[in-house]
Amino acid sequence: MREDLSFHHFALSVPDIDAAADWYSTMLDFSIERRFDLPGNIKAMFLQRGALRIELFQVPAPKPLPDERRDPRRDLETLGNKHLSFQTRHYDRLRKRLEDHDVRIILDIGENDEQGFFFHDNNDNVIEVLRSPG
């Protein structure tokens, strides 16, 4: 018998937790679920949108994201997590919303019902959006 397993969250380290929360709220309709602090002067919060959660961390003196991690193709050469991905039935509407807020699409993939695109959040983290089937 298999254990019950469901996705809980994806975590990101950001330089300004409030600016990141505002960006995810404005661009992708997430809201703050809860804030908390961790030892070492680390601020943390969970953002939530339905069953989706993103955990944000703000640490003192963070190191910047390396340039090769900003390009989803080049990032494949580095081991580890790659990107956050969402799918939506409102693909065209979401893409327009992002572009209307000056979010630059960095890579288009696929075509027709199997298309998607990549973009950066306000901290250069790579995000993918896929068109939901049907």
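Taken together, the values in this text are just the output of simple stated rules run on the coordinates, not laboratory data. In this text the structure is predicted, and so the values were computed from the model without any measurement. Please note: Cβ atoms are built from the backbone with ideal geometry, for glycine as well, and neighbour counts cover all protein chains shown.
Taking DSSP loops as anything outside H, G, I, E and B, show the longest stretch in the chain free of GluC sites (Glu not before Pro) there with at most 15 other beta carbons within 10 Å.
4-110
Result for the chain in a Gaussian network model with C-alpha springs under 10 Å: among F117, F46, F36, the largest mean-square fluctuation is at F36.
What the Cβ-Cβ distance of S132 and D67 gives, at R0 = 41 Å and to the nearest 0.05, is a FRET efficiency of 0.80. Placing dummy labels 7 Å off each Cα toward the beta-carbon, the span from R34 to K96 is 3.9 nm. Taking 29 Å as the straight-line reach from the Cα of K96, the lysines in range (excluding those fewer than 8 positions away in the same chain) are K82.
Using 1/(1 + (r/R0)^6) with R0 = 25 angstrom and r between the beta carbons of Q87 and E111, what's the FRET efficiency to the nearest 0.05?
On the way: r = 16 Å, r/R0 = 0.63.
Calculated transfer efficiency: 0.95.
Taking Cα atoms only, the orientation of helix 91-100 departs from the longest principal axis of the chain by about 60 degrees. Each label was represented as a point 7 Å from its Cα along the Cα-to-Cβ direction; for F10 and L79 these points are 2.2 nm apart. Taking the charge dipole of the chain about its Cα centre, with +1 at Lys and Arg Cβ atoms and -1 at Asp and Glu Cβ atoms, the residue from N41, V14, F119 reaching farthest to the positive side is N41.
The per residue volume of the convex hull around the alpha-carbon atoms of region 57-120 is 130 Å³. Please work out the Kirkwood hydrodynamic radius for the chain, using every pair of different C-alpha atoms, and report it in angstroms with one decimal place. Value: 16.1 Å, from the Cα pair sum. Note that region 65-75 has calculated 3J(HN,Hα) couplings of 5, x, 3, 5, 7, 7, 10, x, 6, 5, 5 Hz, one per residue in order, obtained from phi through the Karplus relation 6.51 cos²θ - 1.76 cosθ + 1.60 (θ = phi - 60°); glycine and proline are x.
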